[in-house]
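Report on one structure; see the data block that follows.
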Amino acid sequence: MEILRALIATFLFFAGMYFIYLGFNLFSMLCGIACFVIAYFCWPSKVRSTKARENKFLDALECMIELPIELFLWILRVIGRIFKGIAD
């Protein structure tokens, strides 16, 4: 089951990259972002699960798939800290 989830997440990640590369119209951007989010939640992550894998290829693929969402969440946290500092 984990292999199927990894394959689906990989396909969605590359589909999201294609939609982002396709152009900067609203539909392409929304489809790309949706593919990234679905791939993030579909991927059987080591961080979110307790199973240990020892496959360097899957670890590298996991980093690639989780990078866009983690980067977006990091930016939101930084902006939140800035506004929290202004409000104090």
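The values are calculated or read from the model by the stated rules, or taken from the named source; none is laboratory data. This one's a predicted model, so the numbers in the text were calculated from it and none came from an experiment. Positions of Cβ are generated from backbone atoms using ideal geometry, with glycine treated the same way; all protein chains shown enter the neighbour counts. Ligands, DNA and RNA are excluded from the accessible area calculation, which covers all protein heavy atoms including side chains. Shrake-Rupley method; radii C 1.70, N 1.55, O 1.52, S 1.80 Å.
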(request) Considering only the stretch 38-56, state which residues are open to solvent by 40 Å² or more (accessible area, probe 1.4 Å) and either of a type in the set (S, T, Y) or modelled with pLDDT of 85 or more (or both). (result) I38, F41, S49, T50
(request) Output the qualifying pairs, or none if there are none: Cβ atoms under 6 angstrom, residues six or more apart or on different chains, first residue in the stretch 62-88 and without any contact (Cβ under 8 Å) to a residue 60 or more places away in the chain, second residue outside any helix (DSSP H, G or I) and of a type in the set (F, W, Y). (result) I65/W43
(request) Kindly check whether there is at least one residue in the stretch 57-80 that is out of contact with any strand residue (DSSP E or B) (no Cβ under 7 Å at 6 or more places or on another chain), modelled with pLDDT of 85 or more and of a type in the set (F, W, Y). (result) yes
(request) Output the residue which, of all residues in the stretch 10-32 that are in a helix (DSSP H, G or I) and open to solvent by 90 Å² or more (accessible area, probe 1.4 Å), is nearest to P68 (Cα to Cα). (result) F14
